[in-house]
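Chemist: I have a structure I would like to understand better, so I am pasting it below and will then ask my questions one at a time.
All of the numbers you see were taken from the coordinates with simple rules; none came from a lab. Note that the coordinates shown come from a computational prediction; the quantities given were computed from them, not determined experimentally. Neighbour counts are summed over all protein chains in view; Cβ atoms, including those assigned to glycine, are modelled from backbone coordinates with ideal geometry.
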Amino acid sequence: MRAAAIFLVLSSVAACAGRNKHSVALYESGDYAGAARVADEGLASHPADRGLWQMRVRAALALGDADGVARSYASYRGQRDTDDPELLKDLAIATLGQALASPSVRLKIAAIEAVSAAEIQSLADQVAERLGDEDDRVAAAAATAVLRGYPQAPQVASEMLRSDDPEARRIAVEGVGKKVGALAVIDLLKLAGNDPDARVRRAAIHWLGKIKAQEAGDVLERQLRHTDEGVRAAAATALARIGKGDLAGL
């Protein structure tokens, strides 16, 4: 009796494992619509099959069907009554990968920042590909994200500090300041004292204060007379951080 029960359980597991094979094969061949169709057909008979639901969601993602992904995952979650962490992770990585290849500058930068923050190593090469992006803002974000992992990244970051695009310079300053700190003092001093864009100056000043660059005193004191209120405030805070201002307790 017990042997028969074990046999039935194993048979059931094997059947579940095999139900998504056709969908997987179609997916791997690049026929995402076919994979979605076969998964739907299987789910009509086996609505609780985890493998079929995973393929349905992945096929929708590959098709770029955002609504389909949302609907499929919601239905899948309803069957499980809980999330599928493995599938959610795969979806997040796949979505970020698509964003990195998007023509949208905003999406690419957001994806680069997310990959960097979460330290997703599997997408590092795709981020590095953006080092040669035609938009300096994207190249700056990519360079600072992989600054220590790819030999060409420091050179690109250095070039972006001198970009004609002020937002690219700001992104580069923030990344370089965070990643290499004191090693970037010379560049930060130049930008804090001479950059024509107030946002770039504020960023450079912030990092000079953050790393407590003692040699920045004269440059920072001059910024106390800058026409931009934000620059003046940043300079006062930075001076206090390095112990040369009235706010030394900050």
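Chemist: With all distinct Cα pairs included, what does the Kirkwood hydrodynamic radius of the range 18-83 come out to in Å, to one decimal, could you say?
Modeler: Details: mean 1/r = 0.0882 Å⁻¹.
By the Kirkwood definition, the hydrodynamic radius is 11.3 Å.
Chemist: Give me the angle, in degrees from 0 to 90, between the Cα long axis of helix 32-45 and the longest principal axis of the Cα atoms of the chain, rounded to the nearest 10.
Modeler: The helix 32-45 is inclined about 50 degrees to the chain.
Chemist: Find how many whole Å separate the alpha carbon centroid of the range 83-157 from the alpha carbon centroid of the range 35-81.
Modeler: 27
Chemist: Compute the distance in nm between two label points, each set 7 Å from the Cα along the Cα-to-Cβ direction, one at S75 and one at R37.
Modeler: Label-label distance for S75 and R37, simple model: 1.6 nm.
Chemist: In addition: To the nearest 0.05, how large is the calculated FRET efficiency for K190 and Q98 if R₀ is 30 Å and r is the Cβ-Cβ distance? All intermediate terms of the calculation are to be shown ahead of the outcome.
Modeler: Working: r = 38 Å, r/R0 = 1.26.
That pair, K190 with Q98, gives E of 0.20.
Chemist: Normalising by the residue count of the chain, find the relative contact order in percent from Cα pairs under 8 Å and 6+ residues apart. Mind dumping the intermediate values first?
Modeler: Values: 320 pairs, mean separation 20.0, N = 250.
Averaging sequence separation for qualifying contacts and normalising by length gives 8 percent for the chain.
Chemist: Do the alpha carbons of any pairs in K190/K210; K108/K178; K21/K108 sit beyond 22 Å of each other, and which pairs?
Modeler: Working: K190/K210 16 Å; K108/K178 20 Å; K21/K108 34 Å.
Flagged as over cut-off: K21/K108.
Chemist: So for the range 161-245, averaging the separation of alpha carbon pairs under 8 Å that are six or more residues apart and normalising by length, what relative contact order in percent results?
Modeler: Numbers: 116 pairs, mean separation 21.3, N = 85.
The value is 25 percent.
Chemist: Expressed as an acute angle from 0 to 90° and rounded to the nearest 10, what is the orientation of the C-alpha long axis of helix 66-80 relative to the principal long axis of the chain?
Modeler: Roughly 60 degrees between the two axes.
Chemist: Additional query: Kindly list the residues of the range 41-68 that lie in the label zone of T82, defined by a backbone N under 18 Å from the point 7 Å along the Cα-to-C-beta vector.
Modeler: Residues passing the 18 Å test: 48-51, 53-54.
Chemist: When you have a sec, figure out the Kirkwood radius of the chain from all distinct Cα pair distances and drop it here in Å to one decimal?
Modeler: On the way: mean 1/r = 0.0465 Å⁻¹.
21.5 Å is the Kirkwood radius here.
Chemist: Follow-up question, since we're still on this one. Ranking request for peptides 227-234, 20-27: highest mean number of other beta-carbon atoms within 10 Å first, then the rest in descending order.
Modeler: Working: 227-234: 15.1, 20-27: 18.9.
Per-residue Cβ counts within 10 Å, averaged per peptide and sorted highest first, yield 20-27, 227-234.
Chemist: Moving on to the next point. Restricting attention to the alpha-carbon atoms of the range 161-245, what are Rg (one decimal) and Dmax (integer), both in Å?
Modeler: 11.2, 34
Chemist: Let me ask another. Gain in length, A233 to E215, computed as 0.36 nm per residue apart minus the alpha-carbon separation, to one decimal in nm?
Modeler: Extra length available between A233 and E215 comes to 4.6 nm.
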